[in-house]
Amino acid sequence: MSALLQTSSAVVSATDKAAKVASPAAANAAAASFAALTASLDYLDAASVESVRQAYRFADQAHLGQLRNSGEPYITHPIAVAAQCAAWKLDAQALMAALLHDSMEDCGVSKRELIDRFGVQVAELVDGLTKLDKLQFHTREENQAESFRKMLLAMARDVRVILVKLADRTHNMRTMSDMPREKWGRISRETLDIYAPIAHRLGLNQTYRELQDLAFRHLHPWRYQTLAKAVAKARNRRRDLVKKVEADVDSTFKAAGMKVRLAGREKTLYAIYQKMDEKHLSFAQVTDLYGFRIIVPTITDCYTALGILHQMYKPVPGKFKDHIAIAKLNGYQSLHTTLVGPSGVNIEFQMRTEEMNVVAESGVAAHWLYKAKGADSTAADRLGTQWLQSLLDIQNETRDAAEFWDHVKVDLFPDAVYVFTPKSQIMALPRGATIVDFAYAIHSNVGDRTVAAKINGEQVPLRHELTNGDVVEIITAPVSAPNPAWLGFVRTGRARSKIRHYLKTMAQADSEGLGEKLLTQALRAEGIDHLPATGGELQPIWERLLRFTGNRTRDELLTDIGLGKRIAGIVAKRLVVLLAESGHRPDALLLSRERFTSHEHGSQGMVVLDGSENASVQYASCCRPIPGDAVAGYLGRGEGLVVHTADCGVAQRLRHKDSERFIAVDWAEEPVRMFDTGIVITVTNRKGVLARVASALASAEADITHVDMGDEGVLDTADLRLIIAVRDQHHLEAALRNLRHTSSVLRAARIKPAASGE
């Protein structure tokens with residue numbers, strides 16, 4: 001046995017080795033021929049090999065005359081990509097797509113032509129790998145975000161898309177030295193930020209490590225060379241130690257009668273650099289440069305091997321991880337333990353079966369390997385599918401490419417915590433995930449209805465971060481709905497997209513209801529008793545009205561009225577004209593009654609406020625109106641109805657320049673909830689004063705929702721600014737009376753908005 005100690009950067013393809021021996025022309029000819037690929041296709045049947053050969057001939061003809069930056073024929077790149085896919089034992093369709101992956105983008109081949117020649121599935125794979133036309137977008141970032149979304153959604157439907165893409169990116173990174181230097185930084189950063197994390201997420205650890213090291217080499221060449229020299233020196237110094245450990249382990253397992261395969265593992269240069277950078281360590285302080293993998297026949301042997309090792313060397317406390325019982329999110333399984341070896345050097349050991357080893361290196365690609373061997377591939381089928389399905393879920397709620405990409409990036413790093421449902425079902429979530437993330441991971445309906453939660457039987461806030469081993473119980477209520485504040489602490493892309501989708505949908509529904517109410521009231525002011533129905537003889541009237549407003553549907557028009565994008569009075573006047581042209585006259589009695597009793601701006605009607613309006617009505621934070629205040633409603637452009645107090649300076653300035661957007665509003669006789677308002681309390685600075693203030697407000701049944709104590713801690717007196725929730729003006733006065741009778745309180749008053757002249 002010999003330790004396989006080498007960095008991923010030392011991996012050289014067979015093609016590159018041949019190029020060093022043969023003449024450049026001969027090497028190019030060999031690399032550009034189908035023979036360079038044939039040897040790795042022995043797992044395919046003859047018909048599949050012939051299909052791949054046909055794809056090669058088509059690609060060779062399409063790329064004829066094109067050269068890479070190195071001077072090699074362009075076809076050498078698709079062949080190298082297909083060779084990597086063959087190493088993963090992908091099927092013939094994936095290999096054909098690998099050979100054809102640049103034909104649409106670089107050679108002008110149409111998707112229809114690929115469908116006719118190679119079938120729908122191959123054409124779909126190639127299309128998923130093709131970037132979008134740059135002319136469609138204003139900025140590079142916009143094009144990139146949309147292209148990534150296209151690729152990731154194609155990948156969610158068929159994981160072979162991303163496997164071919166990762167093979168493509170790996171070969172491009174291996175040959176980046178031939179590219180113009182100004183491209184190195186952008187492509188390397190993109191590889192580190194996007195492709196390496198995707199490889200990790202899908203369990204392709206060998207590809208993940210190689211992409212990181214290649215990107216590191218081209219992003220920070222000097223740092224890379226310095227670390228490479230340091231590792232080479234350390235390797236020479238520790239050669240005797242590694243051989244001793246290898247010999248000891250070998251003899252111990254032979255004595256125990258266990259059949260094992262021992263492989264050495266060396267930390268990659270980028271992993272060393274990351275650890276030094278994040279933990280501010282010198283190279284000498286990085287102690288886990290070396291490790292060993294022990295490959296054993298069965299899972300039971302993994303645990304037996306662990307026991308034997310712990311008898312050989314002392315384990316480092318807290319450095320044991322069981323990823324067999326609880327696999328990582330990307331399907332990775334192994335036992336990890338760190339032991340204090342000879343000379344006090346820490347050495348990590350990983351115990352795994354042969355199948356686990358394949359999965360650890362090839363991730364989702366291992367599925368095809370198992371399928372090729374005819375073995376049970378159920379476990380491999382599941383690898384990555386949970387995340388891939390989540391991509392489709394996020395897409396269903398997110399139409400904006402940049403927002404979609406933001407959600408996906410959150411889920412790319414699979415450092416996980418493992419928690420349990422009350423029925424002992426284990427769930428894996430990203431580190432930092434909260435109660436709300438857990439609720440949405442169970443089901444979107446559970447997330448939407450969450451009101452509280454218990455961890456290990458104790459009540460916790462919804463923003464509480466989960467830790468390994470927590471037993472989480474979600475408490476739901478039928479009337480509960482997602483809170484916009486949740487977006488400030490949720491960790492998973494799924495939860496974030498579900499919350500945003502719900503809020504957008506509810507805001508639209510609320511705005512549509514408000515718009516219908518406003519248009520109905522505006523029509524009454526014009527003598528029409530109710531909103532005309534759609535369909536039948538009145539359908540042409542609605543179609544003409546929608547052409548006038550520029551809306552596609554009646555619901556969209558009502559939503560725009562509710563959001564303030566359309567003025568109800570103007571739409572109502574146009575609708576009355578259209579109805580009159582069709583013979584529907586206004587009711588003269590209703591018209592005279594409405595005009596006689598109408599408000600100054602009564603053409604828009606009166607909106608009654610009871611606090612149940614949700615997102616369609618906002619209560620202005622500048623003046624915080626409460627029932628009993630004289631109020632005015634402003635239809636802001638795109639933000640629905642905003643309610644101000646009548647004497648609010650902000651409202652007066654808006655009325656001066658935009659008076660047609662004000663409508664009459666008034667309070668319902670019995671509002672259904674409490675309303676926030678601001679108060680200022682001047683107190684003497686004594687011990688316990690805040691507790692006394694809180695007690696006075698609690699006895700008045702007023703809730704404190706925000707406290708601002710300012711920076712006056714050293715003064716004799718201080719102003720406390722509070723936002724409290726009250727039912728109406730009478731309730732507020734009762735709360736203020738309680739405060740004024742409290743010791744240490746000098747003054748208590750409501751915060752009034754600034755006048756328009758200030």
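I626 - would you say it is in contact (Cβ under 8 Å) with a residue 60 or more places away in the chain and farther than 29 Å from M709 by Cα?
Values: in contact (Cβ under 8 Å) with a residue 60 or more places away in the chain: yes; farther than 29 Å from M709 by Cα: no.
So I626 fails the test.
Anything in the stretch 470-515 that is free of Cβ contacts under 8 Å to residues at least 40 places away in the same chain and either in contact with a strand residue (DSSP E or B) (Cβ under 9 Å, 6 or more places away or on another chain) or in a loop (DSSP other than H, G, I, E, B) (or both)? List them, or say none. Outline the logic, then answer.
Kept after step one, since they are free of Cβ contacts under 8 Å to residues at least 40 places away in the same chain, are these residues of the stretch 470-515: 474-485, 487-488, 504-505, 509.
Result: I474, I475, T476, A477, P478, V479, S480, A481, P482, N483.
Conditions (1) of a type outside the set (S, T, N, Q); (2) in the same structural domain as R661 (by TED's automatic domain parsing); (3) modelled with pLDDT under 75, marked per residue:
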residue: R496; (1), (2), (3): yes, no, no
residue: A507; (1), (2), (3): yes, yes, yes
residue: D510; (1), (2), (3): yes, yes, yes
residue: G513; (1), (2), (3): yes, yes, no
residue: L519; (1), (2), (3): yes, yes, no
residue: A522; (1), (2), (3): yes, yes, no
residue: L538; (1), (2), (3): yes, yes, no
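Can you pull out the residues in the stretch 525-556 that are under 43 Å from the mean Cα position of the chain (by Cα) and under 18 Å from V607 (Cβ atoms)?
Of everything in the stretch 525-556, just one residue is under 43 Å from the mean Cα position of the chain (by Cα) and under 18 Å from V607 (Cβ atoms), namely L531.
Going by the structure shown, is V490 surrounded by fewer than 18 Cβ atoms within 10 Å (Cβ to Cβ) and either of a type in the set (A, V, I, L, M) or under 20 Å from I567 (Cβ atoms) (or both)? Steps first, answer last, please.
On the way: surrounded by fewer than 18 Cβ atoms within 10 Å (Cβ to Cβ): no; either of a type in the set (A, V, I, L, M) or under 20 Å from I567 (Cβ atoms) (or both): yes.
No, not satisfied.
Yes or no: the stretch 441-460 includes at least one residue that is at pLDDT below 80, closer than 30 Å to K565 by Cα and part of a helix (DSSP H, G or I). Spell out the reasoning first.
Our first condition is that a residue be at pLDDT below 80; within the stretch 441-460, this holds for none.
No, the stretch 441-460 has no match at all.
Quick one: how many residues across the stretch 682-707 are part of a strand (DSSP E or B), of a type in the set (S, T, Y) and under 15 Å from S743 (Cβ atoms)? Explain how you work it out, then say what you get.
So the first thing to find is which residues in the stretch 682-707 are part of a strand (DSSP E or B), and the list is 682-684, 703-707.
Then drop every residue that is not of a type in the set (S, T, Y), which leaves 682, 684, 705.
Keeping just the survivors that are under 15 Å from S743 (Cβ atoms) gives 682, 684.
So the count comes out to 2.
Among what's in the stretch 315-336 and is in contact with a strand residue (DSSP E or B) (Cβ under 7 Å, 6 or more places away or on another chain) and of a type in the set (A, V, I, L, M, F, W, C), pick the residue that is nearest to S362 (Cα to Cα).
Filtering the stretch 315-336 for residues in contact with a strand residue (DSSP E or B) (Cβ under 7 Å, 6 or more places away or on another chain) gives 315-316, 319-324, 326, 328-329, 333-336.
Still in the list and also of a type in the set (A, V, I, L, M, F, W, C): 316, 320, 324, 326, 329, 335.
Details: V316: 29, F320: 24, I324: 17, I326: 19, L329: 14, L335: 18 Å.
Residue satisfying both the conditions and the ranking: L329.
Quick check on R217: is it surrounded by fewer than 20 Cβ atoms within 10 Å (Cβ to Cβ) and basic (K, R)?
On the way: surrounded by fewer than 20 Cβ atoms within 10 Å (Cβ to Cβ): no; basic (K, R): yes.
It is false that R217 is surrounded by fewer than 20 Cβ atoms within 10 Å (Cβ to Cβ) and basic (K, R).
Yes or no: the stretch 238-247 includes at least one residue that is in contact with a helix residue (DSSP H, G or I) (Cβ under 9 Å, 6 or more places away or on another chain), in contact (Cβ under 8 Å) with a residue 12 or more places away in the chain, of a type outside the set (S, T, Y) and under 30 Å from L100 (Cβ atoms).
Checked against the condition, which is being in contact with a helix residue (DSSP H, G or I) (Cβ under 9 Å, 6 or more places away or on another chain), in contact (Cβ under 8 Å) with a residue 12 or more places away in the chain, of a type outside the set (S, T, Y) and under 30 Å from L100 (Cβ atoms), the stretch 238-247 yields no hits at all.
Would you be able to tell me the number of residues in the stretch 288-317 that are buried (at least 16 other Cβ atoms within 10 Å of the Cβ) and more than 29 Å from E354 (Cβ to Cβ)?
Going through the stretch 288-317 one residue at a time, the tally reaches 0.
When R547 is evaluated against the numbered criteria (1) loosely packed, with under 15 Cβ neighbours inside 10 Å; (2) of a type outside the set (S, T, N, Q); (3) touching a helix residue (DSSP H, G or I) at 6+ places or on another chain (Cβ under 6 Å), which criterion, by number, is the only one it fails?
R547 satisfies all of (1) loosely packed, with under 15 Cβ neighbours inside 10 Å; (2) of a type outside the set (S, T, N, Q); (3) touching a helix residue (DSSP H, G or I) at 6+ places or on another chain (Cβ under 6 Å) except (3).
Conditions: (1) within 43 Å of the chain's Cα centre (by Cα); (2) more than 24 Å from L609 (Cβ to Cβ); (3) at pLDDT below 85; (4) basic (K, R). R721 meets all but one. Number of the miss?
Of everything listed in (1) within 43 Å of the chain's Cα centre (by Cα); (2) more than 24 Å from L609 (Cβ to Cβ); (3) at pLDDT below 85; (4) basic (K, R), R721 misses just condition (3).
Can you tell me which residue in the stretch 654-674 is modelled with the highest pLDDT, limited to those that are out of contact with any strand residue (DSSP E or B) (no Cβ under 8 Å at 6 or more places or on another chain) and part of a helix (DSSP H, G or I)? Before the answer, list the steps.
Narrowing the stretch 654-674 to residues out of contact with any strand residue (DSSP E or B) (no Cβ under 8 Å at 6 or more places or on another chain): 656-657, 659-660, 669-670, 672-673.
Retained after the next criterion (residues that are part of a helix (DSSP H, G or I)): 656-657, 659-660.
Working: H656: 85, K657: 80, S659: 79, E660: 74.
It comes out as H656.
Restricted to the stretch 85-95, and to residues that are in contact with a Leu (Cβ under 8 Å, 6 or more places away or on another chain) and assigned to a helix (DSSP H, G or I), which residue is surrounded by the most Cβ atoms within 10 Å (Cβ to Cβ)?
Checked the stretch 85-95; the qualifying residue surrounded by the most Cβ atoms within 10 Å (Cβ to Cβ) is L95.
Testing S51 on (1) modelled with pLDDT under 90; (2) assigned to a helix (DSSP H, G or I); (3) of a type in the set (S, T, N, Q), one condition comes back false. Which one is that?
Result: S51 fails condition (1) only.
From the list A651, A694, which residue is more than 22 Å from V571 (Cβ to Cβ), buried (at least 19 other Cβ atoms within 10 Å of the Cβ) and at pLDDT 85 or above? Can you show your working first?
Values: A694 fails: buried (at least 19 other Cβ atoms within 10 Å of the Cβ).
Being more than 22 Å from V571 (Cβ to Cβ), buried (at least 19 other Cβ atoms within 10 Å of the Cβ) and at pLDDT 85 or above holds for just one of A651, A694, which is A651.
Of all residues in the stretch 423-477, which are among the β-branched types (V, I, T) and surrounded by fewer than 17 Cβ atoms within 10 Å (Cβ to Cβ)?
Just the residues of the stretch 423-477 that are among the β-branched types (V, I, T), to begin with: 426, 434-436, 442, 446, 450-451, 455, 460, 467, 471-472, 474-476.
I426, I442, V446, V451, T467, V471, I475, T476 - these are the residues of the stretch 423-477 that are among the β-branched types (V, I, T) and surrounded by fewer than 17 Cβ atoms within 10 Å (Cβ to Cβ).
Pairs needed: first member in the stretch 554-581, free of Cβ contacts under 8 Å to residues at least 60 places away in the same chain; second member anywhere, surrounded by 18 or more Cβ atoms within 10 Å (Cβ to Cβ) and among the aromatic types (F, W, Y); C-beta distance under 8 Å; at least 6 residues apart or different chains.
Qualifying pairs under 8 Å: R554/W542.
The values are calculated or read from the model by the stated rules, or taken from the named source; none is laboratory data. In this text, all values refer to a predicted model and were calculated from it rather than measured experimentally. Don't worry about glycine lacking a Cβ; one is built from the backbone with ideal geometry, like all the others, and counts go over all protein chains shown.
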